[in-house]
Amino acid sequence: MANKPVKRLADYKAPAFLISALDLTFELHDTQTRVTAVSTLTKNGTDPLLRLDGEQLELVSVELDGKAVTPRFEEGQLVIEVAKDSATLKIVTQIDPTANTALEGLYRSGGAFCTQCEAEGFRRITYFLDRPDVLAVYTTKVIADKAQYPQLLSNGNLVESGELEGGRHFATWHDPHPKPCYLFALVAGDFDLLEDSFTTASGRDVLLQIFVDKGRRVQARHAMEALKFSMKWDEDTYGLEYDLDRFMIVAVDFFNMGAMENKGLNIFNAKYVLADDDTATDQDFDNIAAIIAHEYFHNWTGNRVTCRDWFQLSLKEGLTVFRDQQFSSDWAGSSATRIKEAQVIRTLQFAEDAGPMSHPIRPLEVAEMNNFYTVTVYNKGAEVIRMLNGLLGKAGFRAGMDLYFKRHDGQAVTCDDFVDAMADANDVDLSRFKGWYRQSGTPVLTVREIWENGHYGLKLSQLTPPTSDQAEKGPLPLPFAIELLGHGKDVLQLQDAEQTFALGQFDEKPILAPLCGFSAPVKLVFEQSDDELAALMEKASDGFVRVDAAERLLQRLVAAWLQGQEHPALELWLRSLHGIATRPLTDAFLDAELFKVPSVNAMQGWFEQIDLDGLVAARQRLRSQVRERLFAVLHDRYQMVKDVKEKGARALTNSLLTLLAEPLEQGVFDRYQQARNMTERQGALAAAVAGDLANSDALLADFAERFEDNPQVMDKWLMLQGQRSGALKRMGKVMEHSAFNWNNPNRTRALIGTFIATNPECHTEAGYQWLSEVLPKLDAINPQATARMVGPLLQWRRFDQKRRQGLEALLKGLQTPHTSADLGELLGKALK
Ligand code: 0A1
Ligand code: ZN
């Protein structure tokens, strides 16, 4: 295996050299691109040895102050002795963008050239100090064939362009803001362009450009609206203005992640740009707005103030996710927004912490940095910022942000610097709060009620069980938001391992709604009565509490079923659903969540050991109970909302249709055929697949015919192929379909990633056999994409004995001399 050495946060050392300016020239050719990099170097200490990172490069020449030097290689780095305190270094390398299927560095997407440099992709372009604390001013000249690549883009402002011999042309870009190399970007291609402009609060006009594949310009309009809204929002909310003459977004179909915040030139996965009513769901529209905002917000939280080293990734990511979540709740927020955020933490992040990849939001050890773009760093990181925001209040948080920018604009800093700015601006001590950055794992918060002589109170205790990476844990400051039904709300600040809170005198014991708004990323243990849970499910004013109460009831029920027993929670759950379905409709988004049966994945989080067959059966049984007992009232509600042209109504309709798919077979078919937009059409198709209806084949075939020319839509089809029952025996056929492409991570994630993450057929002998063929093939093409989909398999120790053996054999079989560093690190941890 290509093992990378582990790096530790504790070993951080400042760089031996600084690079204040970098002049780049790209002579673009499909398979032989020449890169000339001229760096202005200064020593940052006494060490004369300059060690430059480089991967997959062909070195052409090296000159130091105009003189050729013969460098040596040590541990994969290029080592050059620099005697003087400052020098000019010129390096020429040659690279092959067409052969680059890993999609890191300079590569081709469709007919265009594009780059991805975060985290360590710049070293695939030239030898460089590829670390975020080396900040340089970039000037980039791009040269390419004019007919094939009429548009030549890079960071910053365009300073010159012109014609060259042989049908070639050039453009030179200058970015005045010093930046680390991970924010470098280059694009060359032939795109359709949507333009607009934005006038900043201080009156500067900014040109806005979105570049998309030919013929798809109108599908960029929603992204443009979201961009303008984001720019205004950041001025209004944080006083942050844009700082260049233009802001460009390029949408490409080949991209490993969602998007990238390169300075002035964001590069996006096309699925987070392109949308119209016929091809994108309401959820797609919301995701696009959130990601556009996220990348735009990085201009300050990430670019103007960046990370000292990659251990600090959550400095920019946790904060920027929090900012995009705030934005989303202003832009299109509904009661479901926060519920979905909590779901990501409770299903994906808690699972990560329960497995071999457990790490604090600021990891202590990393081999392959690409493996640390995790739900822990991003989403738990955002929860930590959310807690700070709650603790300091809106004005206090804003004061902390202002001080953070005042102190650190133009610098590469640490998470401690951020928390210190928050503490100093508010004159509070946050040293204990910093524990959230150091400690991995999920705190278990146990709630005990005290009810004596009319006095009500709570005894709260917290304990974080050991994780794979860290045995010792301590208590963390936890905001515990509550509602006492009918008596108002409060936030209890738990500081210690155990604390008691007196909440006053009451005539009757009040009903406690715990963890309102998911106020802290914890697991709750609370032996609340079934009746109280049912009351919360129907009556709590907080949407998260209502959905959580339903889940807590179902958890009791499923736990009993797994033991072959019955449980009164079933009747209470059904009765509450009945109540919700028959009362006047007040919040369709929330009801849409309440009328979903939790996924098998969500159920896995309820138990330490995974009884997969038991959970699959339990889920089927829940679905059939709802159908049998509540068909009439749910169908009435379905009739009431199905033609309402409004987002909440569409969400509720889709939930109801999914629940009632089997008895409504013809209705599902009609809804699909008569769909007025993609939300309706995809909802009906998904319902057919979820119910495994006889007509699902016909509908899937129809869908593929309608949308064969739109790869982003066909990803929805691939996802359903990955999810459906009988997926495995159809895989060969689906992979031969023109919609599938081994080299495109959107395609492989949609089909293979979905199969691994959601389909119980994955966990069969045949499933493991299939994966043992598919994963090595994919790993050889794109290590990052492969590593990002194996997460569920790493949880192998939680399965039953037979699956444990099967998975262990699968994972061991994946460890070969050809295994990538990305996958290798995960396998090594999982099998330790
Ligand atoms: N910084 C980007 C995410 C991103 C990270 C790594 C990538 O390649 C390895 C690409 C994108 C963001 O947070 O949006
Ligand atoms: Zn980000």
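Just so you know, all these numbers are worked out from the coordinates, no wet-lab data involved. Treat the numbers as computed from the prediction; the structure is a model and nothing was measured. Every residue, glycine among them, receives a Cβ derived from its backbone with ideal geometry; neighbour counts consider all protein chains shown.
With everything on Cα atoms, drop me the angle between helix 313-331 and the longest principal axis of the chain, reported from 0 to 90° to the nearest 10.
60 degrees
Towards the positive end of the charge dipole of the stretch 365-524, with charges on Cβ (+1 Lys, Arg; -1 Asp, Glu), say which of 437, 516, 423 has the farthest Cα.
Toward the positive end, the furthest listed residue is 516.
What ³J(HN,Hα) values, in whole Hz, does the Karplus curve 6.51 cos²θ - 1.76 cosθ + 1.60 give for the stretch 529-542 when θ = phi - 60°, with x put for Gly and Pro?
Result, rounded to whole Hz: 5, 4, 5, 5, 4, 4, 5, 4, 4, 8, 10, 4, 7, 9.
For each pair in 179/406; 380/539; 141/777; 509/539, compute the distance between the two Cα atoms and list the pairs where it is over 25 Å. Show your work: numbers first, answer last.
On the way: 179/406 18 Å; 380/539 29 Å; 141/777 37 Å; 509/539 16 Å.
Violating the 25 Å limit, Cα to Cα: 380/539; 141/777.
Stokes-Einstein at 25 °C, 0.890 mPa s, Kirkwood radius from Cα pairs: D for the chain in µm² s⁻¹?
Working: Rh = 28.4 Å.
Answer, rounded: 86 µm²/s.
Would you mind checking which residues have amide H under 5 Å from residue 279's amide H? H placed 1.01 Å from N; only 5 or more apart, or other chain.
Amide H to amide H, under 5 Å and 5 or more residues apart or across chains, residue 279 pairs with 678.
Can you work out the Karplus-derived ³J(HN,Hα) for every residue in the stretch 446-453? Use 6.51 cos²θ - 1.76 cosθ + 1.60 with θ = phi - 60°, whole Hz, and x for glycine or proline.
So the J values, rounded to whole Hz, are 9, 10, 10, 8, 10, 9, 9, 6.
What would the Debye formula give as log10 I(q)/I(0) at q = 0.12, 0.13, 0.19, 0.23 Å⁻¹ for the alpha-carbon point model of the stretch 654-756, no solvent?
With one equal scatterer per Cα and no solvent, log10 I(q)/I(0) is -0.36, -0.42, -0.89, -1.24.
Among 201, 46, 371, whose Cα projects farthest towards the positive end of the dipole of the chain, with charges put on the beta-carbon of Lys, Arg (+1) and Asp, Glu (-1)?
The one lying farthest along the dipole's positive direction is 371.
On C-alpha positions alone, give me the angle between the axis of helix 711-723 and the longest principal axis of the chain, in degrees, nearest 10.
That works out to roughly 50 degrees.
So which trypsin sites (Lys or Arg not before Pro) in the stretch 8-80 end up in coil per DSSP with only 14 or fewer other C-beta atoms within 10 Å?
Listed in order of number, the matching sites are 13.
Give me log10 I(q)/I(0) at q = 0.15, 0.25 Å⁻¹ for the stretch 1-86, Debye formula, one equal scatterer per alpha-carbon, no solvent.
Log10 of I(q)/I(0), two decimals: -0.72, -1.44.
Let me check I've understood the local charge: for residue 598, count other residues with C-beta under 9 angstrom from its C-beta, Lys and Arg +1, Asp and Glu -1. What total comes out?
Numbers: positive: 596, 619; negative: 551.
Taking every Cβ under 9 Å from that of residue 598, the sum is +1.
Using a 10 angstrom Cβ neighbour count of at most 13 plus a DSSP loop assignment to flag exposed GluC sites (Glu not before Pro), which longest range of the chain is free of such sites? Display every interim value, and only then the final one.
Values: sites that count: 75, 472, 508, 527, 566, 608, 646.
Counting only loop sites that pass the neighbour cut-off, the longest clear stretch is 76-471.
Sort 797, 730 so the one with the fewest other Cβ atoms within 10 Å of its own Cβ comes first. Intermediate values should be presented prior to the final figure.
Numbers: 797 17, 730 13.
Arranged by neighbour count, lowest to highest, 797, 730 become 730, 797.
Treating the angle as unsigned and between 0 and 90°, give the value, to the nearest 10°, between the Cα long axis of helix 415-426 and the longest Cα principal axis of the chain.
The angle comes out at about 70 degrees.
Over the residues of the stretch 480-597, compute the C-alpha Rg and express it relative to 2.2 N^0.38 Å. The partial results should precede the final answer.
Values: Rg = 15.1 Å, N = 118, 2.2 N^0.38 = 13.5 Å.
Taking N as the residue count of the stretch 480-597, the ratio is 1.12.
With θ set to phi - 60° and the Karplus curve 6.51 cos²θ - 1.76 cosθ + 1.60, what are the ³J(HN,Hα) couplings of the stretch 80-88 in order, to the nearest whole Hz, using x for Gly and Pro?
Going residue by residue, I get 10, 8, 10, 7, 7, 6, 9, 6, 10 Hz, with x marking Gly and Pro.
Which cross-chain or sequence-distant (5 or more) residues have an amide H under 5 Å from the amide H of residue 305, H modelled 1.01 Å from N in plane?
410
Once every DSSP H run of n ≥ 4 in the chain is given -39500 (n - 2.57) and the sum is divided by its residues, what mean residue ellipticity at 222 nm do you get, rounded to the nearest 500 deg cm²/dmol? Intermediate results must be reported in sequence, preceding the final value.
On the way: 27 runs with 328 residues, N = 832.
Rounded to the nearest 500, it is -12500 deg cm²/dmol.
By how many nm would the segment from residue 10 to residue 340 grow when fully extended, if each residue of separation counts as 0.36 nm and the alpha-carbon distance is taken off? Intermediate results must be reported in sequence, preceding the final value.
Details: separation 330, 0.36 × 330 = 118.80 nm, distance 3.54 nm.
Taking 0.36 nm per residue and subtracting the Cα distance, the gain is 115.3 nm.
Please compute the net charge surrounding residue 642, taking Lys and Arg as +1 and Asp and Glu as -1 over other residues with Cβ under 13 Å from its Cβ.
Numbers: positive: 637, 645, 650, 671, 676; negative: 636, 643, 646, 670, 680.
Overall, the nearby charge balance is 0.
Apply 1/(1 + (r/R0)^6) to the Cβ-Cβ distance of residue 831 and residue 766, taking R0 = 30 Å, and write down the FRET efficiency to the nearest 0.05.
Numbers: r = 23 Å, r/R0 = 0.75.
Once rounded, the FRET efficiency stands at 0.85.
To the nearest 20 debye, what is the magnitude of the charge dipole of the chain about its Cα centre, counting +1 on the Cβ of each Lys and Arg and -1 on the Cβ of each Asp and Glu?
Working: 90 positive and 115 negative charges, 192 e Å.
Taking the Cα centre of the chain as origin, the dipole is about 920 debye.
Let me make sure I get this right: for the stretch 131-177, a, b and c are the square roots of the gyration tensor eigenvalues over alpha carbons, sorted descending. Under 1.5 in a/c it's rounded, otherwise prolate if a/b > b/c, else oblate. Which is it?
On the way: a/c = 3.18, a/b = 2.47, b/c = 1.29.
Here the stretch 131-177 falls in the prolate category.
Placing unit charges on C-beta atoms (Lys and Arg positive, Asp and Glu negative, everything else neutral), compute the dipole magnitude of the stretch 381-496 about its Cα centre in debye, rounded to 20. Working shown, then result.
Working: 12 positive and 16 negative charges, 34 e Å.
That gives a dipole near 160 debye.
Would you order 764, 679, 42 from fewest to most other beta-carbon atoms within 10 Å of each residue's own beta-carbon?
Values: 764 16, 679 21, 42 13.
Fewest-to-most ranking of 764, 679, 42: 42, 764, 679.
Specify which residue in the list 302, 661, 28 is farthest towards the positive end of the charge dipole of the chain, using unit charges on the beta carbon of Lys, Arg (+1) and Asp, Glu (-1), about the Cα centre.
The residue sitting most towards the positive pole is 661.
Could you work out the per residue convex hull volume over the alpha carbons of the stretch 193-286, in cubic angstrom?
Numbers: hull volume 9.5 nm³, N = 94.
Per-residue hull volume (Cα only) is 101 Å³.
Ranked by Cβ crowding within 10 angstrom, fewest neighbours first, how are 93, 31, 70, 414 ordered? Please list the in-between numbers first.
Numbers: 93 22, 31 11, 70 6, 414 19.
Fewest-to-most Cβ neighbours within 10 Å comes out as 70, 31, 414, 93.
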